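As structure tokens, the structure follows; a few thoughts come after it.
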């Protein structure tokens, strides 16, 4: 299965600033996703990163707040913009093939604290 | 709305005890079912999956899960847990025809040596 390198692993940021998280995969993958895992809660899908086009956002998430890029089949970035303490969370990159029958692979996550 | 429920949020067991973690989903159609595990400090890893065939599936490290369609359940079991099973366990489903996981809230398992 694919190996994901996600950076940074953690960061502490000031409110009002932005952080860009990178997800690098060691092989080409069809599907790339970004999740948020808030303390004590489940993983919530933010968006599907589409190669060469705009990401597909889930309800409650908007491009202005979470812009996503996916320039090729092995790399994606998620930016958390104009951060507030409520954005403190773990952000995860996930990859896989269509329909996820074999399961998806997850990165180790970025632990973000906004102060 | 589609959802996945894991009723046990925290479970504490002694080594060699048997484990069963509940997972129920709300979706009327066909689903693919998964259990993921996240060991302390590590990323999520696939434990086992079901999409058709024998409803009793076996995964890694001695885990198994049984799909009971009539109960919309996919409970995870292990006959004898080890201290190294201490982790957080997530149940997830993908409704057929989609590609997006719906995750449960997770169960934190602590195994006492």
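None of the figures in this text is laboratory data; all of them are computed from the coordinates on show. The structure displayed is predicted, hence computed values, not measured ones. Please note: Cβ atoms are built from the backbone with ideal geometry, for glycine as well, and neighbour counts cover all protein chains shown.
Taking the criterion of being more than 9 Å from the chain's Cα centre (by Cα), without any contact (Cβ under 8 Å) to a residue 40 or more places away in the chain and under 14 Å from residue A:58 (Cβ atoms), would at least one residue in region A:29-41 satisfy it?
no
Report yes if residue A:62 is away from chain B (no Cβ under 11 Å), under 21 Å from residue B:34 (Cα atoms) and in a loop (DSSP other than H, G, I, E, B), otherwise no.
Here the answer is no, as residue A:62 does not meet what is asked.
Out of (1) within 12 Å of the chain's Cα centre (by Cα); (2) crowded, with 20+ Cβ neighbours inside 10 Å; (3) farther than 23 Å from residue A:58 by Cβ, what's the single condition that is false for residue B:90?
All conditions are met except number (3).
Considering only region B:54-87, state which residues are buried (at least 17 other Cβ atoms within 10 Å of the Cβ) and farther than 13 Å from residue B:37 by Cβ.
Across region B:54-87, the qualifying residues are B:57, B:67, B:72, B:73, B:74, B:75.
What is the residue count in region A:8-37 for residues that are farther than 27 Å from residue A:100 by Cβ, in contact with a helix residue (DSSP H, G or I) (Cβ under 8 Å, 6 or more places away or on another chain) and surrounded by 16 or more Cβ atoms within 10 Å (Cβ to Cβ)?
Looking only at that region, the number is 0.
Taking region B:1-38 on its own, how many of its residues are more than 16 Å from residue B:73 (Cα to Cα) and exposed (fewer than 13 other Cβ atoms within 10 Å of the Cβ)?
Matching residues across region B:1-38 total 7.
When you scan chain B for strands (runs of 3 or more DSSP E) that lie fully inside it, which ones turn up with 1 or more residues that are touching a helix residue (DSSP H, G or I) at 6+ places or on another chain (Cβ under 9 Å) and facing chain A (nearest Cβ under 10 Å)?
It comes to B:31-38, B:45-50, B:87-95.
For residues that are touching a helix residue (DSSP H, G or I) at 6+ places or on another chain (Cβ under 8 Å) and in a strand (DSSP E or B), scanning just region A:84-115, find the one that is nearest to the other protein chains (Cβ to nearest Cβ).
A:112
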